[in-house]
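The values are calculated or read from the model by the stated rules, or taken from the named source; none is laboratory data. Predicted, not measured: the structure shown is a model, and the values here were computed from it. Heads up, the Cβs are rebuilt from the backbone with ideal geometry, glycines too, and the neighbour counts pull from every protein chain shown. All accessible areas refer to the heavy atoms of the entire protein, side chains included, with ligands and DNA or RNA removed. Shrake-Rupley method; radii C 1.70, N 1.55, O 1.52, S 1.80 Å.
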Amino acid sequence: RRLIVEDPHFGNRPVDLPLDVLLGKPPRMTRDVSHRPPAFVDLDPADIRIKEAVERVLRLPTVASKEFLITIGDRSVTGLVARDQMVGRWQVPVADVAVTTTDFESCTGEAMAMGERTPIAVLDAPASGRMAIAEAITNIAAAPIAKIGDIKLSANWMAACGHDGEDAALFDTVRAVGMEFCPALGISIPVGKDSLSMKTVWEAEDGQREMVGPLSLIISAFAPVSDARRVLTPELRSDQGESDLLLLDLGRGRNRLGGSALAQVYGATGREVPDVEEPALLKAFFEGIQRLNREGLILAYHDRSDGGLFVTLCEMAFAGRVGVSVQLETLSGDRCGDELPQLFNEEAGAVIQIRRADREKVLAHLVDAGLGHVTHVIGSVAGTADERPRIVMRCHDRVLVDEDVLRLQGIWAETSYRMQALRDHPDCAREAFESACDAENTGLFAELSFDPAEDVCAPFISGSQPQMAVLREQGVNGQIEMAAAFERAGFDCVDVHMSDIIEGRVSLRDFKGLVASGGFSFGDVLGAGRGWAESIRHNARARDEFDAFFHRDDSFALGVCNGCQMLSSL
């Protein structure tokens with residue numbers, strides 16, 4: 001019970017103290033808690049029609065598009081964002097992992113992903129903790145990471161401590177995650193936080209009411225990335241010849257529906273919940289995906305989570321605007337009647353797209369990794385460029401699903417559209433929704449009329465490096481990428497804060513040009529740029545500096561975002 005930091009260079013211990021000195025001596029706490037049996041609400045798949053289930057699940061907010069949340073914010077601050085939420089030409093928000101690059105010169109970076117399986121905790125709290133970590137790992141596996149031990153987790157715990165059964169559930173889950181599951185994976189949780197009062201009580205006309213939030217473990221995973229250019233996405237490819245779709249089923253055919261989106265949309269909980277009984281299998285999955293990615297054998301990747309296999313395949317089809325043909329008998333063998341659990345169970349796993357020519361090599365790699373018994377070839381990308389893409393799923397000769405991809409995407413996107421229409425201008429929200437599902441929408445593409453490698457500045461700066469002041473003010477966050485752009489164009493950039501000019505540490509007479517960078521200056525309120533200009537006008541030194549700069553014949557200025565408004569106001 002000591003904190004020790006050893007320095008091998010000097011052979012000493014610069015820190016060596018009892019934890020009691022650091023943490024004090026808090027009084028020991030004893031809690032007498034008991035477990036509460038879960039309240040099951042059975043789900044009977046026999047009473048559910050697949051077509052109706054498809055539409056209900058795609059509309060559930062936890063499954064449906066989150067575009068209304070994403071488009072309200074700036075996804076490109078710093079210029080180092082290599083992978084955001086939007087995937088493919090049609091910018092569909094289905095990315096598994098976020099990736100930023102280390103700097104503007106290299107291709108190394110950092111990956112971030114999340115995992116959360118709170119509905120499972122209503123039935124089995126420790127299983128929900130294991131599944132949250134499994135989801136974070138199957139998400140972050142889309143990025144090239146050297147080894148699973150490089151992943152670090154942040155754990156955000158939420159529970160209604162003091163409520164019947166919740167303390168015991170929290171204890172069980174912490175023990176399962178922190179003392180069993182993560183050590184078996186070789187992953188640490190160095191940081192986290194907790195909110196342990198997830199219960200509210202109030203008086204209503206008919207008596208006292210209470211609302212209790214279920215135990216929740218929200219996992220954020222972080223890891224260094226070896227090459228940000230090799231991040232996998234869910235976008236199905238139709239330009240690589242014939243291809244196959246493989247399901248890596250870490251649930252090993254159990255197809256448990258407890259706590260699933262399917263159960264929720266039918267007002268049920270189910271009984272058996274997904275779980276990860278073999279941490280070694282999850283570890284093998286991560287290492288197998290990394291090996292296939294290093295060898296360039298994966299065309300598309302998407303983890304299986306909310307909504308199950310059906311939603312995974314739909315989102316991959318939405319991103320690539322291609323059809324898929326799936327044969328479920330590869331999962332069930334000669335059995336029939338298990339299609340609903342196969343399509344909507346949320347066991348850990350993923351779907352990958354591979355070239356058909358690489359099938360034997362890929363399967364051999366997966367067998368070597370110990371994943372042969374959980375790997376299933378379930379279908380292929382279908383259709384031609386002249387056809388509207390369709391999602392077709394069969395079991396033996398029976399057609400279970402045969403739907404237009406864009407119709408399903410419209411159902412999946414409608415929940416987000418309805419929310420956005422309440423918040424934003426409803427006509428703009430409608431136009432964005434209609435465009436996303438428009439068969440005539442060609443998506444984003446570039447047809448360059450110039451050579452991006454050409455040095456267009458060279459004739460004007462004649463081999464010299466003119467000094468450029470990269471100007472910033474409180475809240476500006478675009479100065480780093482702005483400096484990188486000018487450095488690449490041949491300028492010598494200097495970081496200049498407004499306080500440097502006001503206090504006389506820097507003079508604009510030393511610079512050939514200045515750029516007023518963009519960002520959330522002054523809280524990003526309307527007129528923030530004019531506020532920036534007023535701060536210059538009301539300071540004599542700053543006013544004189546800018547006045548002299550703008551009256552020189554050999555100077556130039558550029559504004560970006562709020563910087564444009566600042567310069568025009570001056």
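In a fully extended conformation the segment linking S507 and D404 would gain 30.8 nm over its present Cα-Cα distance, using 0.36 nm per residue. Axis of helix 540-550 versus longest Cα principal axis of the chain: the two differ by about 90°, to the nearest ten degrees.
For a Förster distance of 22 Å, can you work out the FRET efficiency between the beta-carbons of R49 and E272, rounded to the nearest 0.05? The value I calculate is 0.50. For a Förster distance of 60 Å, can you work out the FRET efficiency between the beta-carbons of S226 and S435, rounded to the nearest 0.05? It comes to 0.95.
So which lysines can K152 reach, going by Cα to Cα under 25 Å and dropping same-chain residues fewer than 8 places off? Within reach: K193, K283. For the chain, carbon and sulfur atoms together expose 52% of the accessible surface, with a 1.4 angstrom probe and every protein chain in place. Between L23 and A548, the modelled labels are 6.0 nm apart [label points 7 Å from Cα along Cα→Cβ].
Label sites at E287 and L422, each approximated as a point 7 angstrom past Cα along Cα to Cβ, lie 4.8 nm apart.
Shown here for the stretch 332-426: GluC sites (Glu not before Pro) in loop regions (DSSP other than H, G, I, E, B) with at most 10 other Cβ atoms within 10 Å, namely E387.
Where a ≥ b ≥ c are the square roots of the eigenvalues of the C-alpha gyration tensor, would you call the stretch 187-337 rounded, which needs a/c under 1.5, or, failing that, prolate if a/b is larger than b/c, or oblate? Taking the square roots of the gyration eigenvalues as a ≥ b ≥ c, the stretch 187-337 is prolate.
Evaluate the relative contact order of the stretch 441-495 (contact order divided by residue number), counting alpha-carbon pairs under 8 angstrom at least 6 apart; express in whole percent.
On the way: 42 pairs, mean separation 21.9, N = 55.
The normalised contact order for the stretch 441-495 reaches 40 percent.
With helices as the sole contributors, the chain gives -9000 deg cm²/dmol at 222 nm; each DSSP H run of n ≥ 4 counts as -39500 (n - 2.57), and the sum is divided by every residue. For the chain, averaging the sequence separation of C-alpha pairs within contact (under 8 Å, six or more residues apart) and dividing by the residue count gives a relative contact order of 14 percent. Charged neighbours of P18, selected by a Cβ distance under 12 Å, balance to +1 (K, R count +1; D, E count -1).
Please say if the stretch 1-40 is rounded, prolate or oblate, where rounded means a/c under 1.5 for a ≥ b ≥ c the square roots of the C-alpha gyration tensor eigenvalues, and otherwise the choice is prolate for a/b larger than b/c and oblate otherwise? Oblate shape, in that a/c is at least 1.5 and b/c is the bigger or equal ratio. Taking the Cα atoms only, what angle lies between the long axis of helix 426-436 and the longest principal axis of the chain, rounded to 10 degrees? Between the helix axis and the principal axis of the chain, the angle is about 70 degrees. Projecting label points 7 angstrom from Cα along Cα→Cβ for S449 and D239 puts them 2.2 nm apart.
For the pair the stretch 457-472 and the stretch 253-274, the centres of their Cα atoms are 62 angstrom apart. Among the chymotrypsin sites (Phe, Trp or Tyr not before Pro) in the stretch 1-91, those placed in a DSSP loop whose Cβ has at most 15 other Cβ atoms within 10 Å are F10, F40.
Accessible area per residue for the chain, computed on protein heavy atoms with a 1.4 Å probe, is 50 Å².
Using only the Cα atoms of the stretch 482-570, build the gyration tensor, take square roots of its eigenvalues as a ≥ b ≥ c, and label the shape rounded, prolate or oblate: rounded if a/c is under 1.5, else prolate if a/b is larger than b/c, else oblate.
Oblate, since a/c reaches 1.5 and b/c is not below a/b.
When you restrict to C-alpha pairs under 8 Å that are six or more residues apart and normalise by the size of the stretch 445-570, the relative contact order lands at 27 percent. Against the chain, whose longest principal axis comes from its Cα atoms, helix 528-537 is set at around 20 degrees. For volume of the Cα convex hull per residue in Å³, the candidate list reads (i) 207; (ii) 247; (iii) 181; the entry that matches the value derived from this model is (ii). Restriction of the chymotrypsin sites (Phe, Trp or Tyr not before Pro) in the stretch 371-480 to DSSP coil positions whose beta-carbon has at most 12 other beta-carbons within 10 angstrom yields F445, F450. Look at where the Cα atoms of the stretch 12-77 and of the stretch 124-187 average out, and the two centres are 9 Å apart. Computed 3J(HN,Hα) for the stretch 178-195, one whole-Hz value per residue from the Karplus formula 6.51 cos²θ - 1.76 cosθ + 1.60 where θ = phi - 60°, is x, 10, 10, 5, 5, x, 5, 7, x, 10, 10, 10, x, 8, x, 7, 9, 10, glycine and proline marked x.
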